[in-house]
Amino acid sequence: MAVIGLSCRFPGATGPGEFWRNLLSATDSVSTAPPGRWEERAGPAPGELRTPIRLGGFIEGIDEFDARFFGIARREAEHMDPQQRLLLELAWQALEDAAVPARRLQATRWGVYVGACADDFRTQYFASGRLDRFGHMGSSRSLLAGRISHHLGLRGPSEVVDTGQSSSLCAVHRAISGLRLDECDAALVAGVNLNLLPDVTDQVQLWGGLSPDGRCRTFDERANGYVRAEGGGVVVLKPLQAAVRDGDHVYCVVRGSATNNDGGRAGLGVPSPEAQREVIEAAHRAAGVTGASVGYVELHGTGTPVGDPVEAAALGEAIGRRRSRTKPLLVGSVKSNIGHLEAAAGIAGFVKACLALHHGQLPPTLHHQRSSGELPLADLNLRVVGAEQEENLAPDEVVGVSSFGMGGTNVHVVLAGAPSAAEPSERSAADTVWCFSGRTREAVRALARAFLDHSFPTERCTVGDVAWSLAQRDEGEHRAAVVGGCWNDMRDGLRKVVAGHDLAIPANWLHEGGPDRAALVSVAGTYAAHGDLAKVSDSLGTGLRKVPGLPTYPFERDTFHGPTPPRSAAPAPEATLAVPEGASEEVPARPLLDDWEKAADSSERLWLLRSFLEHALLDVLGETGDDRPHMDPDSTFEDLGVDSMSLLELQDRVTEATALELPESALFDHPTINDLTAHLNTELEALRG
């Protein structure tokens, strides 16, 4: 199975490129909890807990999300687990990295497999005492996968896997099984974990699993526990034969995987060396490899005095002692860099392994100096990758990734390097066009700026390859195009787009060229003004390859605050409508009807109804403040982000304001604000003359 796309947000890194640079530079991304996190703690009984831990691996902006990009109303987004929001963005970025247009996935047999176990948001939501109808799906763990499948229109399996800390690597195993059983044609595989509640950290500290000084010292004599961390990652898996057929870039290949359980061990929280050895050997059989061909293993490697010796013993038996003593098995753990992402730990190790195979280099493991007597690495024929010397992978060596869950579920996956890509028989002409698009003009400028700052692997790709990769992305409402024939042309054009131009052409470029250049400029200009990415794609020629690691869509950062506990102050009285003089208190006041009857003509009546519907719809969608979006009266309710539940709530408001007995189908039969306005006006005229 080929890995053709990657995305991640890990501590200290907003994408795979930054993550890889941090790994190579031995960056420690563990830090103090950001303001607003882990401050209000319920806490254990007095005297049971030492100083509460404030260190962890954190990502920024967990309360930020581009809801409008995904067509989600503010009210719905506010009641969504931020893990759902993060996964939606990561899934989109992984598809862009794979150069797979989301528009082409509708009704396809793509699967979604997500590893997750944290329910912090759900706990916060119910504790807040402020329930909302969007909260049911927003707090459901099943929607971590289901929302991605829904948004992209996927028809393959959609599963959330919870095996504790091994959840996301188990999701990889489930996806591989699904692909081999022909349950799906390709798959998005993810892991996610956000640490919202300090009480969970306090609980783990009471259990004895956490490092007091916040460092994962994998296989080191100073190992004293792990540090909790958060983040998410998504990979795109596809059968290798299909990936080669479709011209996909392949980061690496999944050769095989296996999972089992520690059942029958001495204690529920005690790992089993026999079971860990067995799962490694089973993965090797599935991959058709032996321990001698394994060049590196990305460890579970939590840095706990109990877990590390067990893992080392299992590796020594399964691999280390079965290979030459002159070449010990290299091992390491990403947890030393970013902490233990718990349910997302497996996908973090998997992404690190994919990048290591892609670059042919092994990053160092931090905080390792010397192993204890309980960890005889030399006897086990293991060696931790350090920063003393650069370690490279041989082309024929495979890489293993391990992840073990607290409940005993062990997973091991075997990866190999990508097959050599055949050189195109012919390459297209240098002249080309880069297409940028987004939901807003600002997004287009931001994307061009990211490309301007990007370091392109110019020795491995051409400007035409980048153009082809961009042509595989989805087309947004706002667009810009850069035309040129070399890297300098494209950089100059990017600067023009950043400055506000929608079409950038090199100076004197047309005068020095012939009809082909004129035709290319015409195609680019048409795209920038009106769209039609297909024509651009047709003009790029053949022999082009997809380029990995390009900057992905720059999502806007709107803030959505999570649920908070109810205030201790007395609740405010419910707002009530004023009752007109002489009216019965049982009859609600209807100012809209009064204004409608006093209106001078039909156009004013329509304006009143349209204004009421726009404001009511904004309220239903939770859009408040000065930045409330414009409600296009000719856009369908579906395009405005309205679901069936929102329509029913809007119908209730219409009934209350107009006294009309509307059937439930009325809002479906009149699916825009203008359509519904005309219908309401006709009904009121018939009812009230």
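The values are calculated or read from the model by the stated rules, or taken from the named source; none is laboratory data. Owing to the predicted nature of the structure, the values given are computational and were not obtained by experimental measurement. Positions of Cβ are backbone-derived with ideal geometry, glycine not excepted, and every protein chain shown enters the neighbour counts. What goes into the accessible areas is simple: the full protein's heavy atoms, side chains included, and nothing from ligands, DNA or RNA. Shrake-Rupley method; radii C 1.70, N 1.55, O 1.52, S 1.80 Å.
The residues in the stretch 105-136 that are touching a Gly at 6+ places or on another chain (Cβ under 8 Å) and among the aromatic types (Phe, Trp, Tyr) can be counted, and the count is 4.
Within the stretch 425-440, the set of residues being surrounded by fewer than 20 Cβ atoms within 10 Å (Cβ to Cβ) and of a type in the set (Gly, Ala, Ser) comprises Ser425, Ser428, Ala429, Ala430. When each of Asp595, Asp634 is tested for being in a loop (DSSP other than H, G, I, E, B), modelled with pLDDT of 80 or more, open to solvent by 70 Å² or more (accessible area, probe 1.4 Å) and in contact with a helix residue (DSSP H, G or I) (Cβ under 8 Å, 6 or more places away or on another chain), the lone residue that passes is Asp634.
Count of the stretch 441-464 residues, restricted to those that are at pLDDT below 95, of a type in the set (Val, Ile, Thr) and open to solvent by less than 20 Å² (accessible area, probe 1.4 Å), is 0. Residues being at pLDDT 95 or above, over 23 Å from Val279 (Cα atoms) and not small (Gly, Ala, Ser) are entirely absent from the stretch 388-405.
Kindly establish whether Thr51 is open to solvent by 30 Å² or more (accessible area, probe 1.4 Å), in a loop (DSSP other than H, G, I, E, B) and at pLDDT below 90. Outline the logic, then answer.
Details: open to solvent by 30 Å² or more (accessible area, probe 1.4 Å): yes; in a loop (DSSP other than H, G, I, E, B): yes; at pLDDT below 90: yes.
Against the criterion (open to solvent by 30 Å² or more (accessible area, probe 1.4 Å), in a loop (DSSP other than H, G, I, E, B) and at pLDDT below 90), Thr51 qualifies.
Filtering the stretch 289-330 to residues that are touching a strand residue (DSSP E or B) at 6+ places or on another chain (Cβ under 7 Å), among the small types (Gly, Ala, Ser) and within 22 Å of Pro395 (Cα to Cα) leaves Ser293, Gly295, Gly320.
Please indicate, with yes or no, whether at least one residue in the stretch 224-243 is part of a loop (DSSP other than H, G, I, E, B), within 25 Å of Leu357 (Cα to Cα) and touching a strand residue (DSSP E or B) at 6+ places or on another chain (Cβ under 9 Å). Yes, the stretch 224-243 has at least one match.
Scanning the stretch 426-437 for residues that are touching a Ser or Thr at 6+ places or on another chain (Cβ under 9 Å) and at pLDDT below 85 returns Glu426, Arg427, Ser428.
Which residues, counting only those in the stretch 465-486, are surrounded by fewer than 23 Cβ atoms within 10 Å (Cβ to Cβ), small (Gly, Ala, Ser) and farther than 24 Å from Thr14 by Cβ? The one that is surrounded by fewer than 23 Cβ atoms within 10 Å (Cβ to Cβ), small (Gly, Ala, Ser) and farther than 24 Å from Thr14 by Cβ: Gly485.
Conditions (1) over 25 Å from the mean Cα position of the chain (by Cα); (2) buried (at least 19 other Cβ atoms within 10 Å of the Cβ); (3) aromatic (Phe, Trp, Tyr), marked per residue:
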| position | (1), (2), (3) |
| --- | --- |
| Leu210 | yes, yes, no |
| Asp220 | yes, yes, no |
| Tyr226 | no, yes, yes |
| Gly231 | no, yes, no |
| Ala243 | no, yes, no |
| Val253 | no, yes, no |
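Of all residues in the stretch 113-125, those that are among the small types (Gly, Ala, Ser) have Cβ atoms under 6 Å from Cβ atoms of residues that are open to solvent by 40 Å² or more (accessible area, probe 1.4 Å), 6 or more apart or on another chain, in Ala116/Val160. Looking only at residues that are farther than 13 Å from Ala187 by Cβ and over 17 Å from the mean Cα position of the chain (by Cα) in the stretch 98-120, which one is least open to solvent (accessible area, probe 1.4 Å)? Step by step, filter the stretch 98-120, then rank; the result is Asp120. The requirement of being at pLDDT below 95, farther than 30 Å from Ala175 by Cα and open to solvent by 60 Å² or more (accessible area, probe 1.4 Å) is fulfilled somewhere in the stretch 409-424, by at least one residue.
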